[in-house]
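Novice: Quick one: structure below, then a few questions.
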Amino acid sequence: MLAPLTLPALIGAGPVMAASRAGRQRGYSLVELMVAVAISLILLVGLATIFVGNLRSGTEIERANQQIENGRYAIQLISDDLRNAGQLATFNPGLLATPITKPDPCATDLPTLTLALPISVQGYDNAATIPTCIVGDVRAGTDILVIRRASTCAIGDANCDAILAGAPYFQASACNSVTELLSAAPTSYFTLDTVTANLTLHQKDCATLAPIYRYRTHIYFVANNDKAGDGIPTLKRAELGAASFTIVPLVEGIQNLQIEYGIDTAATSTGTPAVYTADPDGYGACAGVTCMAYWRNTVSAKVSVLARNTGLSTGYTDSKVYYMGQQADGSANTAGPFGDSYRRHLYHAVVRLNNNAGRNTP
């Protein structure tokens with residue numbers, strides 16, 4: 001027969017039993033550990049999703065900002081150049097004869113450059129014809145724009161480019177002498193030469209040499225690539241230098257360029273456009289000098305630039321149709337839908353050709 005437990009025995013056994021229970025409560029069971037890991041993974045996945053979403057949103061915002069900046073910059077570059085088209089210091093090329101045929105924009109010889117002075121702008125609609133100096137990577141269906149002008153700063157002015165040997169320079173006379181402005185030949189009113197020592201015309205006092213300006217021909221076009229094979233459509237410009245043209249990339253992500261030319265067709269010039277056309281070469285079924293007169297009397301331009309992101313946007317499909325003015329036949333000139341994942345934006349500008357319009361103003 002077992003002896004009954006006494007109070008001291010119970011008291012003595014208390015700490016041992018408490019210690020045993022405490023030992024059993026240390027750590028976690030396997031089930032508790034698995035639950036904790038599962039909760040941690042759920043939280044980690046949630047945080048990772050938020051992080052990736054924020055990263056993707058930041059990337060899209062950065063791309064949108066770049067697209068806006070590129071589109072605005074492209075339209076500003078072209079607009080500024082158009083405003084200065086035909087700038088020839090004090091010389092008015094209206095005194096020169098209108099060419100019978102379209103001057104070669106890639107010409108570097110002085111006779112052709114001189115012949116082209118009255119044609120400050122010309123273009124090639126939808127790249128139907130491509131000038132020889134830019135053949136090779138012109139994007140199909142995009143317009144090509146040619147601008148001719150003298151530089152806006154004279155040799156020796158602050159921040160003006162240094163003299164480039166072999167490049168053409170322009171000088172206009174302001175001297176009323178028989179050898180300059182009082183001559184019967186308008187070609188005596190200016191000099192266009194690649195040797196600056198030959199530019200000897202004078203200012204109004206007939207003693208001080210007139211300012212000398214770099215003569216420029218700019219050919220704007222959209223290329224399929226920025227660098228060979230990268231697939232990034234880019235606005236580029238061919239620039240007249242010393243007996244050759246240099247192609248300069250300007251703005252990435254420019255996919256399309258379309259231009260409508262505002263022509264002053266009034267019998268008495270007004271300096272304002274009577275009609276806009278995408279192709280003055282064919283306006284009114286013109287031919288020869290009549291077409292060239294349309295180019296000569298171009299006093300404004302509507303410029304449309306389509307810019308796209310340089311990277312794809314996940315989960316996005318571009319189903320938009322972009323209106324880029326009118327075709328030469330009067331129909332709507334549209335681009336898209338493209339059905340890809342590039343985001344795009346369309347930019348428009350109406351630009352007055354200040355020199356041409358000013359000369360046509362009564």
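Quick note: the coordinates plus some simple rules give every number you see, no bench work behind them. As the structure is a prediction and not an experimental result, all values here were calculated from the model. Note: ideal-geometry Cβ built from the backbone for every residue, glycine included; neighbour counts use all protein chains shown.
Novice: With no solvent and one point on each alpha carbon, what is the Debye value of log10 I(q)/I(0) for segment 91-153 at q = 0.22, 0.24, 0.25 Å⁻¹?
Specialist: The calculated log intensity ratios at q = 0.22, 0.24, 0.25 Å⁻¹ are -0.98, -1.09, -1.14.
Novice: Can you give the Rg/Rh ratio of the chain, where Rg is from the C-alpha atoms and Rh is the Kirkwood radius?
Specialist: On the way: Rg = 35.8 Å, Rh = 24.9 Å.
Taking Rh as the inverse mean 1/r over Cα pairs, Rg/Rh reads 1.44.
Novice: While we're looking at this one, here's another question. Which shape class applies to segment 132-286: rounded if a/c is under 1.5, otherwise prolate when a/b exceeds b/c and oblate if not, where a ≥ b ≥ c are the square roots of the Cα gyration tensor eigenvalues?
Specialist: Oblate.
Novice: So how much slack lies between CYS206 and THR265, counting 0.36 nm per residue of separation and subtracting their Cα-Cα distance, in nm?
Specialist: 17.4 nm
Novice: Moving on to the next point. Points 7 angstrom from Cα along the Cβ direction at ALA287 and ASP137: gap in nanometres?
Specialist: If labels sit at ALA287 and ASP137, their model points lie 4.0 nm apart.
Novice: Quick one: grab the alpha carbon gyration tensor of segment 293-362, order the square roots of its eigenvalues as a ≥ b ≥ c, and give me rounded if a/c is under 1.5, else prolate or oblate depending on whether a/b is larger than b/c.
Specialist: Numbers: a/c = 4.95, a/b = 2.53, b/c = 1.96.
It comes out prolate by the Cα gyration axes.
Novice: Continuing with the same structure: Out of every Cα-Cα pair in segment 201-254, what percent are more than 12 Å apart?
Specialist: 69
Novice: How far, in nm, would the chain grow between ALA162 and ASN176 when pulled straight, counting 0.36 nm per residue and subtracting the alpha carbon separation?
Specialist: 2.1 nm
Novice: Also, quick follow-up: If you take the alpha carbon radius of gyration of segment 28-179 and divide it by 2.2 N^0.38 Å, what ratio comes out, to two decimals? Before the final figure, lay out the partial values.
Specialist: Working: Rg = 29.9 Å, N = 152, 2.2 N^0.38 = 14.8 Å.
Relative to the rule-of-thumb radius for its length, segment 28-179 sits at 2.01.
Novice: Between ASN198 and LYS320, take the C-beta separation as r, use R0 = 51 Å, and let me know the FRET efficiency to the nearest 0.05.
Specialist: Efficiency, from the Cβ-Cβ distance: 0.40.
Novice: With a ≥ b ≥ c the root eigenvalues of the C-alpha gyration tensor of segment 323-362, is it rounded (a/c under 1.5), prolate (a/b larger than b/c) or oblate? Each step should come with its number before you reach the end.
Specialist: On the way: a/c = 6.41, a/b = 2.27, b/c = 2.82.
Since a/c reaches 1.5 but b/c is at least a/b, the shape of segment 323-362 is classed as oblate.
Novice: Still on this model: Based on the Cβ-Cβ distance from THR101 to ALA349, what FRET efficiency comes out when R0 is 25 Å, to the nearest 0.05?
Specialist: Calculated value: 0.25.
Novice: If you line up the long axis of helix 7-25 against the longest principal axis of the chain, both from Cα atoms, how many degrees apart are they, to the nearest 10?
Specialist: Tilt of helix 7-25: around 20 degrees.
Novice: With the radius of gyration and the Kirkwood radius both derived from the Cα set of segment 89-217, what is their ratio Rg to Rh? Before the final figure, lay out the partial values.
Specialist: Numbers: Rg = 16.5 Å, Rh = 16.1 Å.
That ratio equals 1.02.
Novice: Could you give the length gained by full extension between ASN225 and ASP329, i.e. 0.36 nm per residue of separation minus their alpha carbon distance, to one decimal place?
Specialist: Extra length available between ASN225 and ASP329 comes to 34.5 nm.
Novice: Can you check what the Kirkwood hydrodynamic radius comes to for segment 206-362, Cα pairs only, in Å to one decimal? Working shown, then result.
Specialist: Details: mean 1/r = 0.0548 Å⁻¹.
Roughly 18.3 Å, rounded to one decimal.
Novice: Between THR152 and GLN66, with labels modelled 7 Å along Cα→Cβ, what's the label distance in nm to one decimal, could you check?
Specialist: 2.9
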